[in-house]
Amino acid sequence: MARMTMHVNIDCTETNTWKLLQAHYEEIQNTTLNNLFHQDPKRIDYLSFEEGKFFFDFSKNHLTQETIGLFKKLASEVNLELAKKAMFEGEKINQTENRAVLHTALRNLDNNPIYLDGENIMPLVFNELEKMKLFNQKVESGQHSGFTSKKINSIVNIGIGGSDLGPNMVCEALKPYWRNDVTPYFVSNIDGNHISNILKHLDPETTLFIIASKTFTTEETMTNAKTARHWFLKKGSLSDVSKHFVAVSTNEQKVTEFGIDANNMFKFWDWVGGRYSLWSTIGLSIVLTVGYDNFLSLLRGAEKMDKHFKEAPFEQNAPTLMAFLGVWYNNFFNAQTQAILPYDQLLAHFSKYLQQADMESNGKSIDRNGQTITHQTGQIIWGEPGTNGQHAFYQLIHQGTKIIPCDFIAAAKPPHALIAHQDILIANFIAKTEALMTGKSPETVEKQLKMQGLTDDEIKKLMPFKVFTGNRPTSTIFMNELTPETLGSLIALYEHKIFAQGVIWNVFSFDQWGVELGKQLAGTILKEIRNNSVNPQHDSSTQQIINKYLELKRT
Ligand code: F6P
């Protein structure tokens, strides 16, 4: 293991401030959000602020100035500032893999030197950026064309997890910026339905495959890549493969073993975590879809958020406040989940992307000293765009028994001219946070039902079902518009929120040993399936299911 930065590995629950927060929670838990506004109508002044093209409003949350003061103290007790410095300066904070965590270097467009083991890594970053830029020019101009000299018009990114979710989400979000002569596709699932349903729309003469895998060993990706090559070779020849297959990876040996020329490889490095890699050459599909300049704007937006995270005072530091709010609800209010609700169809994949970013990072139960954790860590992240979600699961958020803190995200200006749609969308975006907080009182229900002509008896019966207690917390994240730059900032906002939470919970946020176990177990069962023999050491349920599959396969 690398040098342990013991000064940052503090158990939050053993800090003095944690006890103060507990006492503060006991005091505040029965004060409704409505009452917080009555007690302090000016709370909006210190719980909302502008930052660049963003407006943040945290006032509809269970917090006061005292809460923020305590959060600030806790940040100091868990050495958040030192931890930030360690990450940005390339200390090997991913200690279980002995790696630095430098996705922030990938968007360091200011080109300030960042040293890793004595070497400034920025030239490496800019080399790969330049390589992507040139490749994009060649594809766009037709200089790099297919084997029959036709222009490439379909880009298929084959990857999974971080090598899929980030670029997929970004391409979807930036649809208004797509080049009009190219369409991106994303194949991730090992389920043959995924690749076969995509390939059937494609022409091998005009398709470029990007095999995206940090390790270049991930079974799903390698299997899909082989299937794609097989499909291609039905029309093209082996010598044409280089025109249609490129790789993005840290593992040159595996890339060449697979049959992709090292010249067709775009590099990144072990100090870029898979789920933090969209800023690297893993973003090649983004570059080819929206162009290099838009990719740079995405990076610039993230760089702005990095600066904000590093420099903004605690009280107006959006990722830090979001991190603490998450801890507040998770560890004190006993909330199990966090809903991400973008009122923007272009952000349809955003919560799915954040699931990996957040849950793979902070879903841990061993602390940074190797001890079992006794407090709650990672939140369960989920969500769907509004207003669709309103007609699906909002009932539970409004009237269920669980507290579900929600992030409401929207962009004011749409990329289309359907203003009537946009006004309705944004009206819902605003109305929901108000309704979730204020609820509907018995008086209002009674008045409404009377107006509908119901009798007193009928009103009495219906009343309990129609009353909304409200008091459901929400945060509002409102952007001017969704552009490559604001999207970059939005993603980095959540990355830093996740990082700060990992520091507070005292977990290593940048490894993922749990997922590795899943991979190994599947490998063992796959061998048994292929050999048609079941290992009796499995439990009886597992043995039976394997046998069932073998039996069904035969019929
Ligand atoms: O799901 C586990 C994981 O290791 C992720 O962290 C990663 O993003 C994904 O697999 C894909 O890995 P690779 O890019 O190496 O194919």
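The values are calculated or read from the model by the stated rules, or taken from the named source; none is laboratory data. As the structure is a prediction and not an experimental result, all values here were calculated from the model. Virtual Cβ from ideal backbone geometry, glycine too; neighbours counted across all protein chains shown. Note: areas computed on protein heavy atoms with side chains; ligands, DNA, RNA excluded. Shrake-Rupley method; radii C 1.70, N 1.55, O 1.52, S 1.80 Å.
Remarks
- Test for Phe37: is it under 20 Å from Phe333 (Cβ atoms) and of a type in the set (A, V, I, L, M, F, W, C): yes
- Region 324-356 - residue that is part of a loop (DSSP other than H, G, I, E, B) and in contact with a strand residue (DSSP E or B) (Cβ under 7 Å, 6 or more places away or on another chain) and, of those, farthest from the ligand (Cβ to nearest atom): Tyr343
- Tally of residues being of a type in the set (D, E, K, R) and within 12 Å of Leu288 (Cα to Cα) across region 141-155: 0
- Test: residue in region 184-200 that is open to solvent by 20 Å² or more (accessible area, probe 1.4 Å), modelled with pLDDT of 95 or more, more than 16 Å from the ligand (Cβ to nearest atom) and among the hydrophobic types (A, V, I, L, M, F, W, C): yes
- Only one entry in Ile160, Ile121 is within 16 Å of the ligand (Cβ to nearest atom) and modelled with pLDDT of 95 or more, namely Ile160.
- Helices (runs of 4 or more DSSP H) contained entirely in region 456-555, each with at least 1 residues that are hydroxyl-bearing (Ser, Thr, Tyr) and farther than 27 Å from Asn189 by Cα: 484-505, 540-554
- Look at region 409-424: where a residue is assigned by TED's automatic domain parsing to the domain that holds Leu346 and a partner is assigned to a helix (DSSP H, G or I) and open to solvent by less than 40 Å² (accessible area, probe 1.4 Å), sitting 6+ places away or on another chain with Cβ atoms under 6 Å, you get Ala410/Phe429; Pro414/Gln422.
- Scanning region 49-84 for residues that are open to solvent by less than 10 Å² (accessible area, probe 1.4 Å) and in contact with a His (Cβ under 8 Å, 6 or more places away or on another chain) gives a single hit, Thr67.
- Residue within region 286-296 that is buried (at least 20 other Cβ atoms within 10 Å of the Cβ), more than 13 Å from the ligand (Cβ to nearest atom) and either more than 23 Å from Leu134 (Cβ to Cβ) or acidic (Asp, Glu) (or both) present: no
- Yes/no for Ala420 being under 18 Å from Pro342 (Cβ atoms), modelled with pLDDT of 95 or more, part of a helix (DSSP H, G or I) and open to solvent by 40 Å² or more (accessible area, probe 1.4 Å): no
- In region 492-508, the residues that are open to solvent by 10 Å² or more (accessible area, probe 1.4 Å) form Cβ pairs under 7 Å with partners that are among the basic types (Lys, Arg), at six or more places apart or across chains, as follows: Phe508/Lys364; Phe508/Arg368.
- Residues (open to solvent by less than 40 Å² (accessible area, probe 1.4 Å) and within 14 Å of the ligand (Cβ to nearest atom)) located in region 201-231: Ile210, Ile211, Ala212, Ser213, Lys214, Phe216, Thr218, Thr221, Met222, Asn224, Ala225
- Test: residue in region 263-279 that is more than 11 Å from the ligand (Cβ to nearest atom), open to solvent by 30 Å² or more (accessible area, probe 1.4 Å), assigned to a helix (DSSP H, G or I) and not acidic (Asp, Glu): yes
- Test: Ser475 is within 30 Å of Leu70 (Cβ to Cβ) and in contact (Cβ under 8 Å) with a residue 24 or more places away in the chain: yes
- Subset of region 32-48 (residues that are over 30 Å from Leu482 (Cα atoms), surrounded by fewer than 19 Cβ atoms within 10 Å (Cβ to Cβ) and either under 30 Å from the mean Cα position of the chain (by Cα) or in contact (Cβ under 8 Å) with a residue 12 or more places away in the chain (or both)): Thr32, Asn34, Phe37, Asp40
- Enumeration of residues in region 167-183 that are assigned to a loop (DSSP other than H, G, I, E, B) and either in contact with a strand residue (DSSP E or B) (Cβ under 7 Å, 6 or more places away or on another chain) or within 16 Å of the ligand (Cβ to nearest atom) (or both): Val182
- Among the criteria (1) within 14 Å of Phe216 (Cα to Cα); (2) at pLDDT below 95, the one Asn263 does not fulfil is (1).
- Test: Thr469 is farther than 30 Å from Glu50 by Cβ and surrounded by 11 or more Cβ atoms within 10 Å (Cβ to Cβ): yes
- Considering region 157-183, the residues that are among the aliphatic types (A, V, I, L, M) and more than 16 Å from Arg229 (Cα to Cα) include one that is most open to solvent (accessible area, probe 1.4 Å), namely Ile160.
- Filter pass, Asn127 being farther than 14 Å from Ala247 by Cα, surrounded by fewer than 16 Cβ atoms within 10 Å (Cβ to Cβ) and away from the ligand (no atom under 16 Å from the Cβ): yes
- Residues in region 510-521 that are buried (at least 18 other Cβ atoms within 10 Å of the Cβ) and more than 12 Å from the ligand (Cβ to nearest atom): none.
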